[in-house]
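Peer 1: Have a look at this one before I ask anything.
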Amino acid sequence: MKKSFFAALILALTLLLFACSDGEAEQNETQFNAQDYIDEVFNEADEVQSFSEAAVERYLKSIDGLEIDAIKPDWEYTVGNYGAYADDPSSGYGHAVIAFTKASGELAEDEYDTWLTKVFNATASASQDGYNIIGYEFAGDGEDALAETTLEDAVSGFISGWAFRKNDKIYVVYVSKEYDSEKESELGSLFYYNKVKIDVGAGLQKSFNDTLGEAESYFEEYSDEIKDAIDDYLG
């Protein structure tokens, strides 16, 4: 579980490094200590019940206007062990992810479409604009990442998702349906789909190329410190 947390930590660390590199920090000659930060994040994940539906609810409430009831499916569901995870809402960088497994039977296409529409409308209602946007994660060449998107366009790509703005911060939303590899579909589907998953969190605030360019310079500067801290924690 600690190792699966690594990817999220790297993204979190990148975003925090960006925040710590602003003009005020440079003027105060503030030196960011990557090892202390990594230790703090790992310890918090161990001590706080981050892997729980309650943690997801807490994170979503931090986004004013978005509640967990607004993203729950209308059919009866279960949330398995480690089926839900959320960062501390005060972090400002993380995300919340939860998978809803249908309590009985296979997930029909119209049930998935109804859930997608519910989630899409919920994030649009919570946004400052009153609509969802494409997002930098999904914008193609020449597309305006801040332009309004439709649900049809948002789920037409290889990865389904969109973004929305709240208090001038961009949040990204990933949605998917999952399948049980042990069962065969009785509805004519390629797989036995019985679960939906949503991941809501801090999105890219600028283009991927701009973000990657800044990340490379930060990781180069702090690479040894980051590696040592993670190695110490994972043993």
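The values are calculated or read from the model by the stated rules, or taken from the named source; none is laboratory data. Everything numeric in this text was worked out from a predicted model, so none of it was measured. Methodologically, a virtual Cβ is constructed for each residue, glycine included, from the backbone with ideal geometry; neighbour enumeration extends over all protein chains shown. Remember, those area values only see protein heavy atoms, side chains included, never the ligands or the DNA or RNA. Shrake-Rupley method; radii C 1.70, N 1.55, O 1.52, S 1.80 Å.
Peer 1: So which residues in region 53-66 are surrounded by fewer than 19 Cβ atoms within 10 Å (Cβ to Cβ), in contact (Cβ under 8 Å) with a residue 40 or more places away in the chain and in a loop (DSSP other than H, G, I, E, B)? Walk me through it before giving the result.
Peer 2: Taking region 53-66 as the starting set, the residues that turn out to be surrounded by fewer than 19 Cβ atoms within 10 Å (Cβ to Cβ) are 53-54, 57, 61-62, 64-65.
Then keep just the ones that are in contact (Cβ under 8 Å) with a residue 40 or more places away in the chain; that gives 53, 64-65.
Those that are surrounded by fewer than 19 Cβ atoms within 10 Å (Cβ to Cβ), in contact (Cβ under 8 Å) with a residue 40 or more places away in the chain and in a loop (DSSP other than H, G, I, E, B): ASP64, GLY65.
Peer 1: Would you check which residues across region 165-198 are of a type outside the set (Ser, Thr, Tyr), within 17 Å of TYR59 (Cα to Cα) and open to solvent by 40 Å² or more (accessible area, probe 1.4 Å) and list them?
Peer 2: Correct list: ARG165, ASN167, LYS169, LYS197.
Peer 1: Another question, then. Going residue by residue through region 110-124, is there one that turns out to be part of a loop (DSSP other than H, G, I, E, B) and over 19 Å from GLN205 (Cα atoms)?
Peer 2: No; the residues of region 110-124 include none that is part of a loop (DSSP other than H, G, I, E, B) and over 19 Å from GLN205 (Cα atoms).
Peer 1: Counting only residues that are free of Cβ contacts under 8 Å to residues at least 60 places away in the same chain and within 15 Å of SER52 (Cβ to Cβ), which one in region 88-104 is least open to solvent (accessible area, probe 1.4 Å)?
Peer 2: Checking each candidate, the answer is PRO89.
Peer 1: So which of TYR112, TYR85 ends up being open to solvent by less than 30 Å² (accessible area, probe 1.4 Å) and modelled with pLDDT under 95? Give the steps one after another, and end with the answer.
Peer 2: On the way: TYR112 fails: modelled with pLDDT under 95.
Residue meeting the stated conditions: TYR85.
Peer 1: Just give me the residues in region 125-152 being part of a helix (DSSP H, G or I) and either touching a residue at least 12 places away in the same chain (Cβ under 8 Å) or touching a Phe, Trp or Tyr at 6+ places or on another chain (Cβ under 8 Å) (or both), in sequence order.
Peer 2: Hits for region 125-152 are SER125, ALA126, LEU151.
Peer 1: Mind checking which residues of region 150-173 are over 23 Å from ASP69 (Cα atoms) and touching a strand residue (DSSP E or B) at 6+ places or on another chain (Cβ under 9 Å)?
Peer 2: Scanning region 150-173 gives ASP153, ILE159.
Peer 1: Hey, LEU107 hits all of (1) without any contact (Cβ under 8 Å) to a residue 60 or more places away in the chain; (2) farther than 21 Å from ALA163 by Cβ; (3) crowded, with 20+ Cβ neighbours inside 10 Å but one; which does it fall short on?
Peer 2: Among (1) without any contact (Cβ under 8 Å) to a residue 60 or more places away in the chain; (2) farther than 21 Å from ALA163 by Cβ; (3) crowded, with 20+ Cβ neighbours inside 10 Å, LEU107 violates only (1).
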